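Report on the structure given below.
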Amino acid sequence: MKSLPTQLPIFIQVAKSGSFAAAARELGISAPAVSKAITKLEQEWQVKLFFRSSHSLSLTQTGQQLAESLTPSMESIQTTIEQLAEHSSAAAGTIKINLPSSSIGQEHILPLVIEFMAKYPQINCDLHFDDRNVDLVEHGFDLGIGVAINQDSRLIARPLLTQDIGIYAAPSYLAQYGEPKALEDLANHHCIPVRSLTSGRFHYWRINDAEHAKLYEPNGRLVVNNFAAAKQATLAGAGISMLGSWLFRDELVSGEVKPIMKQYWGAPTTIWVYYSSREYLPTRVRLLIDYLVENIYRMA
């Protein structure tokens, strides 16, 4: 299929304006550039489109037919382009978001999204709660929330907040089994391993042992496959877990859970917001990202 000449919009403007000079002013280019474009179009198609004289310019019959045929299509294309530009810059439309199903998604991000929607009533949000590592671009997400550093070069990441990953147990568990003090004590306790939905393997605990980072594989009678379940099991006294401190924000205040073995806690982790393009980011998505970054501290 032969591609359309790039001179067609210039031809349409000349046909509308009635002169090269007037068309040049509308297009923001020089009159010689307009004349050159029309000449190139005539040479490429081997047709004469305009009658030229020193004082006038008029369409030939072929030029008239071409203008009548192309003008509605070109105007429709221009209208579509303007609508797309307006849609991109408007605070309206739907934002598709991927976020963890654990507390950070449901108890921290969700309330902020609801606040944001109240502030911008023309914006809708389509939330997908999933602890798996999802390809945001492939699945059509506008943005994602995660705690892992995403290595996808197509994505841009902005930090939301930094929190501890700690070891926790309920007072009821500690009353029954005692509080472990050393790493080797965990072998005699019920840990709560979390199995990865993606790999099927347990998530290792990232331990800081004598200022050296190491991976510890927890063992226990109860195994779960998401962090929200691990939180509930911990609160119920079923065992010891290593989870993000944001999961226990309220429970730490109320005393329903106790941080233990702090000398073994690893480095704090950062929660990130990911999105695929900075240059062509729709206004609605940019507004939500900025709102999350500016307000997440209230939920931490």
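For labels at residue 215 and residue 164 in the simple 7 Å Cα→Cβ model, what's the distance in nm?
2.5
Below 8 Å between Cα atoms, with a sequence gap of 6+, how large is the relative contact order for the chain in percent?
The normalised contact order for the chain reaches 22 percent.
Can you figure out the FRET efficiency of residue 30 with residue 8, using R₀ = 22 Å and their beta-carbon distance, to the nearest 0.05?
Rounded to the nearest 0.05, the efficiency is 0.75.
What net charge is computed for the residues neighbouring residue 196, neighbours being all others with C-beta under 15 Å from the C-beta of residue 196, Lys and Arg scored +1, Asp and Glu -1?
+1
Please report, in debye to the nearest 20, how large the charge dipole of segment 165-267 is about its Cα centre when each Lys and Arg carries +1 at its beta carbon and each Asp and Glu carries -1 there.
260
Once phi is turned into θ = phi - 60°, what whole-Hz ³J(HN,Hα) does the Karplus curve with 6.51, -1.76 and 1.60 give for every residue of segment 115-120, x standing for Gly and Pro?
Along segment 115-120, the couplings run 4, 4, 5, 5, 6, 10 Hz.
For residue 181, which lysines qualify as cross-link partners when the Cα separation must be under 24 Å and same-chain residues fewer than eight apart are set aside?
Within reach: 214, 231, 258, 262.
Per residue, what volume in Å³ does the convex hull of the Cα atoms of segment 8-89 enclose?
97
When the Kirkwood radius is taken over all Cα pairs of the chain, what Stokes-Einstein diffusion coefficient follows at 10 °C and 1.306 mPa s, in µm²/s?
66
Tell me which of 192, 134, 299 sits at the most positive position along the dipole axis of the chain, charges placed on C-beta atoms (Lys, Arg +1; Asp, Glu -1).
134
Search the structure for amide H atoms under 5 Å from the amide H of residue 237, placed 1.01 Å from N in the peptide plane, and list their residues when 5 or more places away or on another chain.
Amide H to amide H, under 5 Å and 5 or more residues apart or across chains, residue 237 pairs with 170.
State the percent of C-alpha pairs, over all pairs in segment 93-135, separated by a distance greater than 11 angstrom.
64
Indicate the gyration tensor shape class of segment 165-267 (rounded, prolate or oblate), computed on the Cα atoms with a ≥ b ≥ c the square roots of the eigenvalues: a/c under 1.5 is rounded; otherwise a/b larger than b/c is prolate and the rest oblate.
Here segment 165-267 falls in the rounded category.
Which percent, nearest 5, of DSSP beta bridges in the chain are antiparallel?
Antiparallel bridges make up about 70 percent of those DSSP assigns within the chain.
Values quoted throughout were computed directly from the atomic coordinates according to the rules given, and no laboratory measurement underlies them. Note that the structure is predicted; figures quoted are calculated from it, not measured. Note that we place each Cβ from the backbone using ideal geometry, even for glycine, and neighbour counts take in every protein chain shown.
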